[in-house]
């Protein structure tokens, strides 16, 4: 299956070494892969994660950004559930600086139309520091991929 034939969920493996494939992790709460067609790291949150799982999973995103020298990220948060206040502050104070230091320039967040996923994503976006990298929210994965593809296109 090509990355453009998403949802990414189809054809997943458990966990793959990134040197031998595009899947970095496929865990009960998160799927992480390299999307070679859009030249970005892709993460999909699948549902509830404990604080420890959420932090460890998002640190895997940082590792993938570094390994792939990625400047773009698509985070599909439509099934993301509650993110505690402490984890939101941790994202702002720890994860975001590491993502920027790792070379991230833009992040596309796909948010749910309603419910906990939408609320959690809005709270996270509201706490992100400005100036580290460009963050945009989208209602659909296709719109996020279109934006990332356009941003990754070299300009003359």
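See the values below:
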read-out	value
Residue, surrounded by the most Cβ atoms within 10 Å (Cβ to Cβ), within region 110-138, restricted to residues that are part of a loop (DSSP other than H, G, I, E, B) and touching a strand residue (DSSP E or B) at 6+ places or on another chain (Cβ under 7 Å)	111
Check on residue 107, within 12 Å of the chain's Cα centre (by Cα), surrounded by 14 or more Cβ atoms within 10 Å (Cβ to Cβ), in contact (Cβ under 8 Å) with a residue 12 or more places away in the chain and assigned to a helix (DSSP H, G or I)	no
Some residue of region 75-87 being at negative phi and touching a residue at least 60 places away in the same chain (Cβ under 8 Å)	yes
Hits in region 71-86 - residues which are farther than 21 Å from residue 41 by Cβ and touching a helix residue (DSSP H, G or I) at 6+ places or on another chain (Cβ under 8 Å)	81, 82, 84, 86
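No lab work stands behind these numbers, since they all come straight from the coordinates. The model shown is predicted, which means the values in this text are computed figures rather than measured ones. Neighbour counts are summed over all protein chains in view; Cβ atoms, including those assigned to glycine, are modelled from backbone coordinates with ideal geometry.
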